[in-house]
1. Between a first residue in the range 103-132 that is under 29 Å from G352 (Cα atoms) and in contact (Cβ under 8 Å) with a residue 12 or more places away in the chain and a second residue that is among the polar types (S, T, N, Q) and surrounded by 12 or more Cβ atoms within 10 Å (Cβ to Cβ), which pairs have beta carbons less than 8 Å apart while being 6 or more apart in sequence or on different chains?
2. Looking for something within 29 Å of S159 (Cβ to Cβ), assigned to a helix (DSSP H, G or I) and open to solvent by 90 Å² or more (accessible area, probe 1.4 Å) - is there at least one such residue anywhere in the range 309-327?
3. Of the residues in the range 348-366, how many are at pLDDT below 85, of a type in the set (S, T, Y) and under 21 Å from I106 (Cβ atoms)?
4. If you take the residues in the range 138-187 that are of a type in the set (G, A, S) and farther than 18 Å from V273 by Cβ, which one is most open to solvent (accessible area, probe 1.4 Å)?
5. Any idea how many residues of the range 122-132 are open to solvent by 60 Å² or more (accessible area, probe 1.4 Å) and of a type outside the set (G, A, S)?
6. Looking only at the range 271-280, count how many residues are open to solvent by less than 100 Å² (accessible area, probe 1.4 Å) and either at pLDDT 85 or above or within 54 Å of the chain's Cα centre (by Cα) (or both).
7. Just checking, how many residues over the range 88-138 are out of contact with any Leu (no Cβ under 9 Å at 6 or more places or on another chain) and farther than 30 Å from S367 by Cα?
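The values are calculated or read from the model by the stated rules, or taken from the named source; none is laboratory data. The shown structure was predicted, so the numbers you read here are calculated from the model rather than taken from an experiment. Note: ideal-geometry Cβ built from the backbone for every residue, glycine included; neighbour counts use all protein chains shown. All accessible areas refer to the heavy atoms of the entire protein, side chains included, with ligands and DNA or RNA removed. Shrake-Rupley method; radii C 1.70, N 1.55, O 1.52, S 1.80 Å.
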Amino acid sequence: MAKKQQKSRYFAGISLGIMGIGFLATLPFQDSIIDKLLQGGFEAGLVGGLADWFAVTALFRHPLGIPIPHTALLPKNRDKMVRGAIAMVENNWLTKESIKGKIGQITFTDKLFPLLERELASEGVYKATQSGLKHAVDKVDLEKISIFIEKELKKYISSVDVTVFVKSLTDQIVKRNLDEKAIDYILAEVEKWISKEDTRHKIGVMAKQFLDNTESDGFLKMAMSSFSSFINEDKLGKILQPFLLEKIVLLQDKDNPYRGLILNRIRQEINGVSDREELMAEINQWKDKTVQNIEASDKIKAVLERYKDKLHKMLEDRAFIEKHVLSAVRELIEKTKSDEEKVNAIETWIHGQASSFIENNHSKIGSLVKENLEKLDNDTLIHMVETNVGKDLQWIRVNGALCGFLIGLVLSIFKLVI
């Protein structure tokens, strides 16, 4: 660009020099018509060239350094030019409506989704995701979380109505026949215990003590005294052990009527537990007191720390991030792409945000132009203008000299004719 400007300036100087030399050379020769025509042409060309040189130079600086009025127009009118440039940019070239119109023609989702899909497969996104997840895990305050969990657990347990829980528990016991299973288990254990040799002796001892300590009158007293003296602990044990074993075996039979009576009574008691208000109140008080005395935050924190360490190890595995994080994002993108309503909503939101941004920041375009122009001193600004439009301005000088020469010829012919 600078070379072209120098070349055009060189031509402008040559054209002005030719006109000057031609004018001086034709001054002594005024005899022939041709001499008069050439002299008039060179004279007019010299005047035109000088006038255009003055005009072009006056745009940027004082001609010959002389402070002639209305010269050096660019430096003197710098503020006006800046305001004009800002107004032109804001009101003509980059208006709000033109920018919004261009943005409105853009379908952002057509570019956004392929970009996201392409970037998800990049190494940079993987490392950023891994780093971000690790940072998020490290930033978690386990102590605060454990205290919060403990507090919420206590609050939840305290809010639980024991009556409802007991009712649900008793219903499950009856529904699953756990009471019957419990009786069978107890009977089986009692049978094992009674069958033992030392148990038989204990039964005899207890029975003998019962006979000896039983108070009675008259004939019954005499009979029991005689029976007690006649039999000892061992004999009593041998008599009572088979009897008790026989009764236990009978109770283990599901068709035994006594077993049915016992089960019905147990089930009545079980079903009525939740209706005992005093018992439920005591259980609730015990529950609340027990819950308040529980100190579980340290244990919760220890569990969370183990899971935190485990999660850190998982994040070191690329396959884990690909499977559970990036693949989830890909699925979300695919679902969004296939949902026209969501795509339209995203498109509308982006355009709305862009329009809002333009509406709120359009004036900053002019501020930016002004700021950049104010950074330039006069010499730099003049150099920029001359660099970009100097070629055309220099050709004005060339055209001025040529046009002046031609006009001079015409005027000389006109004078000759007149």
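1. I103/S355; F113/T336
2. As a first pass, look at the range 309-327 and keep what is within 29 Å of S159 (Cβ to Cβ): none.
Scanning the range 309-327 turns up no residue that is within 29 Å of S159 (Cβ to Cβ), assigned to a helix (DSSP H, G or I) and open to solvent by 90 Å² or more (accessible area, probe 1.4 Å).
3. 0
4. Looking only at the range 138-187, we keep the residues that are of a type in the set (G, A, S), and these are 146, 158-159, 168, 182.
Okay, now just the ones that are also farther than 18 Å from V273 by Cβ, so 146, 158-159.
Numbers: S146: 2, S158: 45, S159: 85 Å².
Looking at the filtered set, the residue picked out is S159.
5. We begin by selecting, within the range 122-132, every residue open to solvent by 60 Å² or more (accessible area, probe 1.4 Å); these are 123, 127-128, 131.
Next cut, of a type outside the set (G, A, S) only: 123, 127.
Of the residues in that region, 2 qualify.
6. Adding up the residues that qualify gives 5.
7. 21
Conditions tested, residue by residue: (1) surrounded by 11 or more Cβ atoms within 10 Å (Cβ to Cβ); (2) at pLDDT 90 or above.
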| position | (1), (2) |
| --- | --- |
| E282 | yes, no |
| A302 | yes, yes |
| R306 | no, yes |
| E331 | no, yes |
| I346 | yes, yes |
| L368 | yes, no |
| K375 | no, no |
